[in-house]
1. For the stretch 84-211, what relative contact order do you get, as a whole percent, if you take Cα pairs closer than 8 Å and at least 6 residues apart?
2. What nm value, rounded to one decimal, do you get for the distance between residue 229 and residue 48 when each label is placed 7 Å out toward the C-beta?
3. Run the simple label-point estimate for residue 275 and residue 74 please: 7 Å along Cα→C-beta, distance reported in nm.
4. If I model a spin label as a point 7 Å beyond the Cα along the Cα-Cβ vector, how far apart are those points for residue 60 and residue 374 in nm?
5. Longer than 24 Å from Cα to Cα, which of 99/136; 179/370; 42/80; 42/179 are they? Say none if no pair is.
6. Going by amide H atoms built from the backbone, whose H comes under 5 Å of the H on residue 174, apart from near neighbours?
7. Taking Cα centroids, how far is the stretch 32-80 from the stretch 219-248 in Å?
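What follows is calculated from the coordinates using simple rules that are stated; it is not laboratory data. None of the values given here were measured: they were computed from a predicted structure. A quick note on method: Cβ atoms are made from the backbone with ideal geometry, for glycine too, and the neighbour counts reach across all protein chains shown.
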Amino acid sequence: MSEAPEVKRVKLNDDDKPDVREEKKDHDQPRIESILADEYTKPIAMIKVCVGSVVDSRQLSKLVPTLARLLPLTSLQHLKRVHRDGTIILAPVEELNRKLGHGAEGETTVALLEEYLRSAGLLDQSLIDGLCAGMKIVSVPATQPLLRWQYDLVNSVWPCKFHPNRHNEALYTNTLFGKPEADQHRQLMELCLWLGKQEKGRPTGVCVNPRLGSRIAAIGVGRSEEHPVWHCPMVLIDMVAVSQTGGIWNRASPTSTGPLRDDGFDYGGIEPRYERLLREQYGELFSFGAEPIRNGGGTAALEPCESGDPDNLTKYGPYLCTGYDVYLTHEPCIMCAMALTHSRVRRVFYHHLNPQGGALGSLVKLHTIKELNHRFEAFRIL
Ligand SMILES: [Zn+2]
């Protein structure tokens, strides 16, 4: 995709002010925000544990292995057992209550634990005395921090393990995309919004193949007034299927040239009218056509592609939306977000929030549900 500065730009905020053609400064550019799972955006939950104090650090060589036998920290593997200040985690309070029961009325967890440690007979009485003198209940991080900011917050409370992940850090700070790539995403969103305007503001989406310089494989415009499930992403997914010799609702209309053109790409997923409009508006800024399926397609050939393995994509051609990015004017609803999941889409970018029913941030974050067998990354361009 090349730069074409003469092209008239559509402003992403959709207002009616005349276009500003001068080069925008970076901070004026539409922002691209990652829609992350709550576990990345919320502070780490805390859990109550019983701690004791170690008077002499030489006692640790005996104490730590003994405690590992008596009170293993199975659910708190992310924590270092011994704090810098000489306190040591004995066990989570909830676990102790389960293990030791509630005892006589008024008997505290701390008292029950002391009794348990003494009766176990594995530690010297003097060591237990020291341990119990400083015994108290404190809060420690319940899970391992995923991002640096969470680590900085909880590590000051209790030392814990942390494995930095550059990709996730970049998602959190919205710095994943360098300028050229971010500009491509913005341009594709501009295209969606512009085409949506030509279609009386109907939700509009495009599916692109990022491996081929963001070549547009399919275009879908919502027609829910004609059919209750013809939401934009549903139509778009069906248009992708048309480009792979399938499709339920949008079977390719026979054209003189057929969907496969001389350039080797399948244009079945793009209504000729939209291609004409976009070429008139954007010139050569965008390229069109889906990679045709190879080896006859069909289930036998498509099955191995399910993993999205690039080798399989090369061998068999596209499978559903594997490896494809989707740009939508509107945040998809739950049905559509699920359809995008089933389609194995790689990333979804959208502009307008759907506060009542949006499934990628507004109502739920469907793309972050771990139990689903496919997940994609979602971004809002605004
Ligand atoms: Zn929908």
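1. Relative contact order here is 12 percent.
2. Here the modelled spin labels are 5.0 nm apart.
3. Distance between the two pseudo-spin positions: 6.1 nm.
4. 4.9
5. Where the Cα-Cα span goes over 24 Å, the pairs concerned are 179/370; 42/179.
6. Answer set, sorted by chain and number: 34.
7. 50
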